[in-house]
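Data first, discussion second: the structure below is written as structure tokens.
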């Protein structure tokens, strides 16, 4: 890869408008200082110290696009609750428009609450995680209408972040597939459970396990992975499929081209893989919007992924950090 071209692509990410449609999650952290063992049960008693909220799911993809200089426009659903308001506050603090986010009295913001325990001078450890999820699919009509408004204003990219939490119902997926077929914007799909429901995408971005689920089989060597991923790309009529493979890096399957394998960047032992897929797909889509080829987009996405797994929690990567990997 030519450094001058890659630098141009990274700089070209600035100002690129991207619609992000998906499940907006909140990563909530409750920090407590270990006090003693309870008399009521053999459990720790923690003295509450602080609460922090961060972006998860589609919200993390939004945060990564913003950190890389893009202009994300989120569309999704949250509840009128503490975590929902925390998410709106985080977006507004970063100048991210929130008009496409539906706030419902009868909704519950999907969140993952991690209880972190530790002493004053010791490392905090996660002792339990509590997940809160909306119990049913959201009404698709306002979701589709909000997405149409954003598309009508003009975008260069359309990222779908489907964590299976109710925003991407059958009707919304049909809308996504029609939009991808029209070719009005570059459409990237990141779907945890329903990858095989999508069609006509510019880029599919599963991890290895999600690709196996999508194809209904298991791969235990590189050749089988290649067969599964290329078969999935063709079946779903996507121009390219970018599969993340953990410590083995990632692989690109592009229409009419040979498979492109990219070895892992940085350490093979990550600190935290939480949200790394969001960083990879956000970087790849922004790179495509900035004029990158699929291979250039994959190469840069691999660098972003290698950086973000060395951070704790669902983190982001800046343009300067990404440029630094080119040295």
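The values are calculated or read from the model by the stated rules, or taken from the named source; none is laboratory data. Note that this is a predicted model, so its numbers are computed, not measured. No Cβ is skipped: glycine too gets one built from the backbone with ideal geometry, and neighbour counts run over all protein chains shown.
Numbers below:
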{"quantity": "Tabulated pairs, segment 257-272, first over 30 Å from residue 234 (Cβ atoms), second surrounded by 15 or more Cβ atoms within 10 Å (Cβ to Cβ) and modelled with pLDDT of 90 or more, C-beta under 7 angstrom, 6+ apart or interchain", "calculated": "266/306; 266/307"}
{"quantity": "Residue within segment 198-211 that is free of Cβ contacts under 8 Å to residues at least 24 places away in the same chain and not in a loop (DSSP other than H, G, I, E, B) present", "calculated": "yes"}
{"quantity": "Which numbered condition residue 126 misses (of (1) on the phi < 0 side of the Ramachandran plot; (2) in contact with a strand residue (DSSP E or B) (Cβ under 8 Å, 6 or more places away or on another chain); (3) touching a residue at least 24 places away in the same chain (Cβ under 8 Å))", "calculated": "(3)"}
{"quantity": "Strands (runs of 3 or more DSSP E) within segment 1-115 that include 2 or more residues farther than 29 Å from residue 151 by Cα and out of contact with any helix residue (DSSP H, G or I) (no Cβ under 9 Å at 6 or more places or on another chain)", "calculated": "24-37, 44-57"}
{"quantity": "Selection from segment 116-138 of residues that are more than 25 Å from the chain's Cα centre (by Cα), surrounded by 15 or more Cβ atoms within 10 Å (Cβ to Cβ) and assigned to a loop (DSSP other than H, G, I, E, B)", "calculated": "124"}
{"quantity": "Any hit, segment 50-64, residues being more than 30 Å from residue 323 (Cα to Cα) and modelled with pLDDT under 95", "calculated": "yes"}
{"quantity": "Matching entry among 253, 294 (being over 18 Å from the mean Cα position of the chain (by Cα) and crowded, with 24+ Cβ neighbours inside 10 Å)", "calculated": "253"}
{"quantity": "Condition met for residue 284 (within 25 Å of residue 227 (Cβ to Cβ) and in contact (Cβ under 8 Å) with a residue 60 or more places away in the chain)", "calculated": "yes"}
{"quantity": "Condition met for residue 141 (assigned to a loop (DSSP other than H, G, I, E, B) and either surrounded by fewer than 21 Cβ atoms within 10 Å (Cβ to Cβ) or out of contact with any strand residue (DSSP E or B) (no Cβ under 8 Å at 6 or more places or on another chain) (or both))", "calculated": "no"}
{"quantity": "Of all residues making up segment 56-89, the number that are in contact with a strand residue (DSSP E or B) (Cβ under 7 Å, 6 or more places away or on another chain) and either within 21 Å of residue 281 (Cα to Cα) or surrounded by 24 or more Cβ atoms within 10 Å (Cβ to Cβ) (or both)", "calculated": "19"}
